[in-house]
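I have placed the structure first, in the form of structure tokens, so that the comments after it can refer back to it.
Please treat every number below as a calculation from the coordinates, not as lab data. No experiment lies behind these values; they were computed from the predicted model shown. Here Cβ is always computed from backbone atoms with ideal geometry, including for glycine, and neighbour counts include all displayed protein chains.
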Amino acid sequence: MSSYRPPVRSSADHGQPEFGRGRARPLPATSDAGTKSDWTLGHGGRQVRVRPVAFWIIVGSLVVMAGWSAVTATYFAFRDDVLTRLLARQAQMQYAYEDRIADLRGQVDRLASRQLLDQEQVESKLEQIARRQAVLESRSAALSSLPDPGATGSIKPGPRAAVPSILPAQSIPKPSPINDTVILVPPPEREARLESRTPFNNGVRLAAGQTQGGIDGALARLQVALDRYEANQIKTLNTLEESYDAKARRMRSVLADLGLDLNKVAPSLPARASGGPFVPASPASTTSFERQLYRIKLVRGQVERLTRTLGTVPIRKPMMGELDSTSGFGMRTDPFLRALAMHTGLDIRADTGEAARATAAGTVTMAGWNGGYGKMVEVDHGNGFATRYAHLSAIDVELGQTIRIGQIVGRVGSTGRSTGPHLHYETRVDGDPVDPQRFLRAGVRLGGAL
């Protein structure tokens, strides 16, 4: 193997060769100046002259080759570990993306399921509202079928409860389609960061919450409107029942004060044609509204019976306006003989020609001259009641004529045993005269209930 040792020169031995096997020797002194710095490599009697630049290129190449050999040897020695780590990193990134995809799919599924559930709830609430609307409409129809109780309370049926169109068909929540293919754009970083899921979740929850809140609010307002309408119906029903009860009590009280037997003077209404199989009503099948409505119908029947009875009782005034009595019922001094006498009626001051009206419905049993009564009209009202209108200047009805309440039977005058124009009004029960003031006061108590 050859060895190299740089030559050592001095000014003394310049140009003289150095002897020895395998050593470089300088060129002769006769060489040109450009070859003075060249090196000569010798081995086995062979000599190679090398320039310095080429020498260092060779040395550098040898160093690079040695380094490459070392790196290659290291790679082949540890390549399994490097590949394992690279594959594990790739698998980790893949698993992270798959986890994110699965999480997003789960969110979409949950959102779709929640929308389906919300839609079912909305449909269920709308169905309940529709059923409740139908019930309220049937109640309104039942209330409108009841007659007006008159001055004691007029109940007008309210407007029908209608379900407003809150949600158009397009805005009803429906499940969004779920696509199995999800396209995700990877983040710029090499690792899949899962923190970006938080804004998406918050946005989905916020949008769903706002939509559901709007629907629930609209349905809640509709329920409140129906509750208010139902409360008004119940209030109307209570008012109607109270008015009928008050009217029936007042009529019974008036008849009791007059000493009349209700069973005698107020016969039951004729039975209406009806039928059908007997199906006992269970308490669960009847609501409080229906039970109250049934009670109102019973009381209404009693009011109709009492109203029909009082229509034949002379409790109304025989003349319009305020009555000015000049002579009451009972003992008095006779205006002609100046002796104590029984006055069987009530003298009412009036001008000649004023209308005398029937105080109850009935049939004319007398229409003409009757002694001291002068021109007189007698009306039979049934149940033993009769009224007389005397001292008339004219008679406007005929014998046997059926008259109604308030119909004009004659005109005020001064015929017969009279000292001046006035109306002599009598009330008779079973042929005997009674004080008309009892009946007139009873009419005042009833007021406008008839």
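Normalised by the number of residues in region 325-446, the mean separation of alpha-carbon contacts (under 8 Å, six or more apart) gives a relative contact order of 28 percent. Sorting 52-59, 381-388 by their mean Cβ neighbour count within 10 Å, with the most densely packed peptide first, gives 381-388, 52-59.
With R₀ set to 22 Å, the beta-carbon distance separating Lys297 from Glu230 gives a calculated FRET efficiency near 0.60.
The GluC sites (Glu not before Pro) found in region 355-435 that occupy coil by DSSP, while having at most 13 further C-beta atoms within 10 Å, are Glu398.
Under the simplified labelling scheme, the Ala91-Ser144 pair shows an inter-label distance of 7.9 nm, with each label point 7 Å from Cα along Cα→Cβ.
Per-peptide packing, taken as the mean over residues of other Cβ atoms within 10 Å, places 400-406, 135-141 in the sequence 135-141, 400-406 from highest down. Which of the three applies to region 325-446, rounded, prolate or oblate, going by the alpha-carbon gyration tensor with a ≥ b ≥ c and a/c under 1.5 meaning rounded? The shape class here is oblate.
Amide H contacts for Ile405 (H built 1.01 Å from N in the peptide plane; partners 5 or more residues away or on another chain; cut-off under 5 Å): Ala361.
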